[in-house]
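Visitor: Just dropping this structure here.
The values are calculated or read from the model by the stated rules, or taken from the named source; none is laboratory data. This structure is a prediction, so every number in the text was calculated from the model and none was measured. Reconstructed Cβ throughout: ideal geometry from the backbone, glycine too, with neighbour counts over all protein chains shown.
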C-alpha cells in the first residue's frame, strides 16, 4: 500500500475521532495527516511526510486550538426571548400596585403585566421604569 494512502487513513481516523469528541484536540492531527498524505503523494518521501505531519500538527495545535477553544467556550452575546427585555426601559400604562395585583407596562410596543421589584413601592401610570427580570409573563420593574 502506498504511503500517501496510509497517511490519508491516518487523517480520516483522526477526523472521525474529532467528530466523536469535543475540544478540537484531534483535528490538528487530521490536518497534519492530510498534508502529510499530500506531501507523500507529491513524491517528497517518507521522512518529509513525517516532518510535515509533526510540524503541521504541532503548529495547528498550538496556534489554532486556543482560538477554537475560546470560541467554543464563550457564551452567546445576543440575548433572545424574555431575557432580551431585561435592562429595557418601559412605560407604566396602569399603576403598579403589588398588594392589589395591578400593573402593566409597555416594553418595545408590547404590553406586559408588571410588578414592582419592591413590594412596598407603588409606581404611578406614565412613569418610565427599567425591567430587571421577567417571571413568566410578568415584568419585574424598578423606577
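Visitor: Taking the condition closer than 30 Å to residue 122 by Cα, modelled with pLDDT of 90 or more and more than 28 Å from the chain's Cα centre (by Cα), does residue 90 pass?
Guide: On the way: closer than 30 Å to residue 122 by Cα: yes; modelled with pLDDT of 90 or more: yes; more than 28 Å from the chain's Cα centre (by Cα): yes.
Considered against the rule, which asks whether it is closer than 30 Å to residue 122 by Cα, modelled with pLDDT of 90 or more and more than 28 Å from the chain's Cα centre (by Cα), residue 90 comes out as yes.
Visitor: Of the conditions (1) touching a residue at least 40 places away in the same chain (Cβ under 8 Å); (2) more than 30 Å from residue 130 (Cβ to Cβ), residue 44 satisfies every one except a single condition; which number is it?
Guide: (1)
Visitor: Name the single residue, out of those in the stretch 120-131 being assigned to a strand (DSSP E or B) and surrounded by 13 or more Cβ atoms within 10 Å (Cβ to Cβ), that is farthest from the chain's Cα centre (by Cα).
Guide: Here the residue is 123.
Visitor: Right, next: Restricting the stretch 45-58 to residues that are surrounded by 14 or more Cβ atoms within 10 Å (Cβ to Cβ) and within 22 Å of residue 68 (Cβ to Cβ), which is nearest to the chain's Cα centre (by Cα)? Reasoning before the result, please.
Guide: Our first condition is that a residue be surrounded by 14 or more Cβ atoms within 10 Å (Cβ to Cβ); within the stretch 45-58, this holds for 48-53, 56-57.
Then drop every residue that is not within 22 Å of residue 68 (Cβ to Cβ), which leaves 52-53, 56-57.
Values: 52: 33, 53: 31, 56: 28, 57: 26 Å.
Only one residue tops the list, namely 57.
Visitor: Within the stretch 60-81, work out how many residues are at positive phi and either in a loop (DSSP other than H, G, I, E, B) or surrounded by 12 or more Cβ atoms within 10 Å (Cβ to Cβ) (or both).
Guide: Qualifying residue count for the region: 0.
Each row is one residue, and each column tells you yes or no for (1) more than 23 Å from the chain's Cα centre (by Cα); (2) part of a helix (DSSP H, G or I).
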| site | (1), (2) |
| --- | --- |
| 7 | yes, yes |
| 12 | yes, yes |
| 24 | no, no |
| 28 | no, yes |
| 38 | yes, yes |
| 43 | yes, no |
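Visitor: Select from the stretch 82-119 the residues that are touching a helix residue (DSSP H, G or I) at 6+ places or on another chain (Cβ under 8 Å) and surrounded by fewer than 14 Cβ atoms within 10 Å (Cβ to Cβ) and write down the one among them that is farthest from residue 140 (Cα to Cα).
Guide: Top of the filtered list is 108.
Visitor: Would you call residue 101 in the same structural domain as residue 10 (by TED's automatic domain parsing), more than 30 Å from the chain's Cα centre (by Cα) and at pLDDT below 90?
Guide: So residue 101 does not fit the description; no.
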